[in-house]
Structures are given as structure tokens and as C-alpha cells.
Amino acid sequence: MHEQWKSATLAIHGGHIKEAYGALVTPLYQSATFVFDNAEQGGARFAGDEKGYIYTRLGNPTTDELERKMALLEGSEAAAACASGMAAVSSALMTHLKMGDHLIASNAVYGCTYALLSTQLKRFGVDSTFVDFSDPLAIEAAIQPNTKLVFCETPVNPHLQVYDLTALAEIAKRNNLISIVDNTFMTPLLQQPLSLGIDMVIHSATKYLNGHGDVIAGIVCGSEEHIHQLKYEILKDFGGVISPHDAWLILRGLKTLDVRLTRHCDNAEKIADYLNLHKRVNNVFYPGLESHQGFSFIGKQMQRAGGVIAFELVGSKQDAINFVNKLKLFTIAVSLGDAESLIQHPASMTHSPYTPEARAEAGITDNLLRISVGLENVEDLIIDIEQAM
Ligand code: LCS
């Protein structure tokens, strides 16, 4: 049955198991631990001789449903839910890396991912090289004898550059590297990296998957072997597991993902067109615009361009900051994918962990602004931008 269902249906029904009392909605199993009938049963569960729950850090029925649903949506064998998007990124990396290894990442990624790769992993003897992933030759040129994996987001946070995932998967396979893609900006409804040959997909579920701004969580999707290792070694021992309550909220959010994304994309397309024609705007970064480097990937690698737009205002950094402060309907906050439209200044906020040099290299300028277009009436949003201009 699952095989025939489209994503919108899977997001509602996928992975659901009929509940004992007939409840329509998956129950929230808000329990830290699970009771054994006797000591022998407890021992058998720990030994793996008997199936069944032990302790929520090792598995929980509510969390399991989220993981089954996400695996179906991404087309992976398995999935693991984590305490945050950063827990998903770090757990996925720790599954594959050890001291002395090297990885290659795109030079623009979410700020904390950059900090993890450039600073934290270094403390454990793992080196990272950052290159422009729009140039496949640059990726190949960065490969060393100890390179283990390649990592990127596409579209990139914050400026929406798009990378060719088929080319990336091909480079990874030819050089025996693991490929990991952060699919947060797209969700599996707009882009499925595993179908293009990528090995692992990561999400900050904090964003569109939950969609309501009330959860911090992450997901990793991949092969049975990789996810088993991630769950029963990395998550078990490092502990970055999701709370069942957050898993339950994401299950609720996923039911409306398809309709929410349609609205996010519709609104963002109209706002990108408006900004593109505005004389106070220098550059609009939105893959749905013909002028954008990522436009040729729309309808192929990615179904639509999503709900995030970046743009540079004419003038100084202070002019950009003044514009942000004048907005009345857009809320000044980091994060994205919520019902509320949000605006933030990447250089001083989400991408402040970068050094100024690395930020310049990654194309994140001081007057770049990023908006997450929400679900409001788009005319109201444009009126708000117009009055702040
Ligand atoms: N990956 C991407 C692409 C992200 O945008 C973020 C967070 C993360 C991973 C980490 O997820 P978290 O741990 O926050 O769930 N991005 C943010 C942003 O752009 N503004 O605030 C957070």
C-alpha cells in the first residue's frame, strides 16, 4: 500500500500502526522507561533476543512512528529522530568519522554546522576543508587519502545557492566517500537526495517538518546499517535523542506539511518577484527566479524553490538593519519554516560563528537579509515590506 502512496498521503498515514484502543491519533508514550514482566525478559531485551522497548533513550513507540514516516517520505530504509538539527548533523558525522579522518564541506552552511566542522570536530582530530560545491572539480581537488565524507546543504542557508546532487553522489561513489545532505530547506516533499544517490539525509525538524515554531528536533535518514549504528552506538552513548513529546508534535505538524509548503512556496514566489523589481534591492537569491543560479534545478532536483528568500539591500549594513527594524508584520527572529514570516541578518545572527574572511568567501555579505516567508496573506506581507522600504 505504502509503495503507491504519494508524499502528501504518506505524511498523514505513513508508518501508522493501529492503536490498541482505536484512537485516531498516535498516542504520546510519555514514559522514560518500560516495564519487564520478569528479570529474564529484561535480560533478553538487553541481549537483543527479544523485541520490545527498554528505555526511551533506546527507543519509544511515538518516536518510532515518526522515524517510520520520515523513512517512507525520504525513501530510506530507516530513520533516527534526534534532539535537534545539530544533534542530527553531529550524530550523522560521528557515525562515520574517527580521529585522523578528513571531510569536505561546502563553504556556505548553517553557522553552527560551520562551527561544528571547523572547530569542534578539530578537537577530536577530524579536519574539514571548505570548498565551493557549485564546482565539482573543486570538490575532487580537495580529496585527500584520509577523506571519509562530503557534506552540504542545498539550497544553502543563508543564500540559497543550489548544488548538483547527482554530480556530488557520483564523485562520492567514485572516491568511496559517504555523502551527507542537509535537506532542511526543501523537506522530502520538494527534494529527495537519496533518490539521486546520496547516502544520508539530515533535517532540522525544528523547521518545516514541525512547522509551528514550538519544537527543536532533528532527523537522519539512511540505510538500515548506518541508522542502526547511529541509533544504537552514537545516540545511545552520546544521548542526543528526541523527547517523545516533540516527536508527537512533529507527527501532528507533518499532517499539514504538503498544504503548508504549497502556501510557503506560493507566497515566496510572489515576494521574490516583488523584491526583484524593487529599486532598493540589489540582488535577490531565490531559486525560483530565472536569474538565480539554481533555477535550472527546479522541476528536476527540486520540485519548487521553497519558502526562504535572501536579498541584499542597496546601501550599507546599517541601512539593512534599519529596514529590518521598520518591519511590522515580519518578526525579527532566527529559524524558518514557521507560520509566522521571520526576518534575520545572517552576518550578525545565524552566520556569526564564521570568521569575517570565511563569511566573505562563502558569499554572505554584511547587507544580506534572509526572510522565511510564512503562511500569512501575501499582500499583507508585501505591504509591510513596502512601508519599511
Ligand atoms: N541545518 C540547517 C540547514 C539549519 O538551518 C539549522 C538551523 C540546523 C541544521 C540546525 O538545526 P537546529 O539544531 O536548530 O534544529 N537553522 C537555523 C536558522 O537558520 N536560524 O535559526 C536556526
Sparsely packed trypsin sites (Lys or Arg not before Pro) within the stretch 92-181, loop by DSSP, other Cβ within 10 Å at most 14: Lys98
Given the pairs Lys207/Lys317; Lys255/Lys326; Lys148/Lys231; Lys98/Lys207; Lys18/Lys69, which span a C-alpha to C-alpha distance of over 23 angstrom in this model? Lys207/Lys317; Lys255/Lys326; Lys98/Lys207
Yeah, the stretch 178-252 with a ≥ b ≥ c from its alpha-carbon gyration tensor (a/c under 1.5 is rounded, else prolate when a/b outruns b/c, oblate otherwise) is oblate
Send over the per residue convex hull volume for the stretch 17-171, Cα only, as a whole number of Å³. 172 Å³
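Computed over the Cα atoms, what is the radius of gyration of the stretch 207-303 divided by 2.2 N^0.38 Å, N being its residue count?
In units of the globular-protein estimate, the stretch 207-303 measures up at 1.48.
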With a bin width of 5 angstrom, please list the P(r) values of the stretch 82-153 as percents of all Cα-Cα pairs, from the 0 bin to the one holding the largest distance. 3, 17, 30, 26, 18, 5, 1, 0
Please report the Cα spread of the stretch 250-334 along all three principal axes, rounded to whole Å, starting with the longest. 41, 31, 17
If you add up the charges near Ser291, with Lys and Arg at +1 and Asp and Glu at -1, over every other residue whose beta carbon is less than 15 angstrom from its beta carbon, what do you get? -4
Using packing as a proxy for protection, rank 129-141, 154-166, 363-375 so that the peptide with the highest average count of other Cβ atoms within 10 Å comes first. 154-166, 363-375, 129-141
Placing each pseudo-label 7 Å from Cα in the direction of the beta carbon, Glu357 and Gln41 end up separated by a distance in nanometres of 6.2 nm
Kindly provide the helix-only [θ] at 222 nm of the chain, computed as the sum of -39,500 (n - 2.57) over DSSP H runs of four or more divided by all residues, to the nearest 500 deg cm²/dmol? -9500 deg cm²/dmol
Cβ charges +1 (Lys, Arg) and -1 (Asp, Glu), total dipole of the stretch 2-254, debye: 320 debye
The stretch 220-264: mean projected area of Cα convex hull, nm²: 4.2 nm²
Within 9 Å, Cβ to Cβ, of Ala388, how many net charges do the neighbouring residues add up to if Lys/Arg are +1 and Asp/Glu are -1? 0
Restricting to Cα pairs below 8 Å that are 6+ residues apart, what does the relative contact order work out to for the stretch 257-388? Please round to a whole percent. 28 percent
Of Ala81, Ala167, Ala11, which has the largest mean-square fluctuation in a 10 Å C-alpha GNM of the chain? Ala167
Give the angle, between 0 and 90 degrees and rounded to the nearest 10, that separates the Cα long axis of helix 257-277 from the longest principal axis of the Cα atoms of the chain. 20 degrees
Expressed as a whole number of Å, what is the distance separating the alpha-carbon centroids of the stretch 62-140 and the stretch 237-303? 20 Å
Per residue, how much space in cubic angstrom lies within the convex hull of the C-alpha atoms of the chain? 143 Å³
Taking a temperature of 4 °C and a viscosity of 1.567 mPa s, what whole-number D in µm²/s does Stokes-Einstein yield for the stretch 169-213 with Rh from Kirkwood over alpha carbon pairs? 115 µm²/s
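So if R0 is 25 Å, what FRET efficiency would Glu19 and Thr256 give, r being the distance between their Cβ atoms, rounded to the nearest 0.05?
E between Glu19 and Thr256, to the nearest 0.05, is 0.75.
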When you have a sec, figure out the Kirkwood radius of the stretch 1-100 from all distinct Cα pair distances and drop it here in Å to one decimal? 15.9 Å
Over all viewing directions the Cα convex hull of the stretch 89-199 casts an average projected area in nm² of 6.1 nm²
Full-extension gain in nm, Thr166 to Ile12, via 0.36 nm per residue minus C-alpha separation: 52.5 nm
Distance histogram for the stretch 257-388 (every C-alpha pair counted, 10 angstrom bins, percent rounded to whole numbers): 13, 44, 36, 7, 0
Relative to the first principal axis of the alpha-carbon coordinates of the chain, what is the inclination of helix 378-388, with its axis defined by its Cα atoms, in degrees from 0 to 90 and to the nearest 10? 50 degrees
In degrees from 0 to 90, rounded to the nearest 10, what is the angle of the helix 244-254 Cα long axis to the longest principal axis of the chain? 50 degrees
Selection from Asn377, Ile332, Gln120, by position along the positive dipole direction of the chain (Cβ): Ile332
Cα extents of the stretch 147-201 along the three principal axes, largest first, in whole Å? 28, 21, 15
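Rule-based calculations on the coordinates, nothing more; no lab input. Values in this document were obtained by computation on a predicted structure and should not be read as measured data. Neighbour counts are summed over all protein chains in view; Cβ atoms, including those assigned to glycine, are modelled from backbone coordinates with ideal geometry.
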